Each structure stands twice: as structure tokens, then as C-alpha cells.
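Notes to accompany the following structure.
The numbers here are math on the coordinates, done by the rules we state, and not lab data. Here the structure is a predicted model, which is why all the values come from computation and not from measurement.
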Amino acid sequence: MAWQRAAHQALSPLDLTHAQFLVLLGTAIATAEQGGAVMQQDIADAVGLDKCTTSVLVRKLGVAGLLDRNINGVDDRKLRIFVTREGRRLLDRACTLLDEVAASLGPGALELGALGPGALGPGALELGALGLD
């Protein structure tokens, strides 16, 4: 619980919710793993959220200019999604803030499930380690 409260406080000045952060980070990770834009289902799988919640969050992040959504040429019902330059800048700031939160809470404060459903595991907040910097 301390992690969620601290994470919420850290992300608030960025006008980013915890769930939005997870979708932004999940998109960055999925695109790095797949080498390009991904589908909403890939993002949902990466962060462990259901498809409907992911869809709503992707739309909000798209309106905010943090994700770009393009029609998939093969199936017009599906979108190809990637993190925009502004989204990467915000994600970098959010990861830095959350790294600081984790450090301030001490060892063991950030357990695998603390990030939320489908937690991305230790080191997930290090963009450089993912080749995302």
C-alpha cells in the first residue's frame, strides 16, 4: 500500500495515473521486444490489464499525444501503436520519479506485485536496460 500511495503522489505532477504509466511503459517494452509498433492486445498482455481497460487508456494516452495510433493496413479494426517522442520524455521522467520512490521506501518495498496486475518485474523501470533511452 505504501508503494501505491507514493507512486500516485510521484506521478500526479506529471498528470499521469498509475494505470496510464503501466500502459505507457508496457507499450515501450512491447515495441522494443517486437521492433516496432504493436497492437492493443500486445500492450494488454505486457501489463496484465484486460482489453477494454487497455483500450480506454490507449485512447486517453493517444489524445494526450503520448501514444500514436495508426490503422493496421491488414485489418482496419486494429490499431498499430507506439510511444511518441513526448511519451518517451514523460515515461523517462516517470521512471526516474518511481525509481526515487522505490529507493526511498527501502529494500523489499517494491515487490513483484506492487506495480499492479502483470507487474513487469525487477528493473522494469530502467529504460536504458531495455534499449529505450
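Rounded to two decimals, the Cα-based Rg/Rh of segment 19-104, with Kirkwood Rh, is 0.99.
Note the full-extension length gain between residue 12 and residue 41 as 0.36 nm times their separation in residues minus their Cα-Cα distance, in nm to one decimal. Numbers along the way, then the final one.
On the way: separation 29, 0.36 × 29 = 10.44 nm, distance 2.67 nm.
Once the chain is fully extended between residue 12 and residue 41, it gains 7.8 nm.
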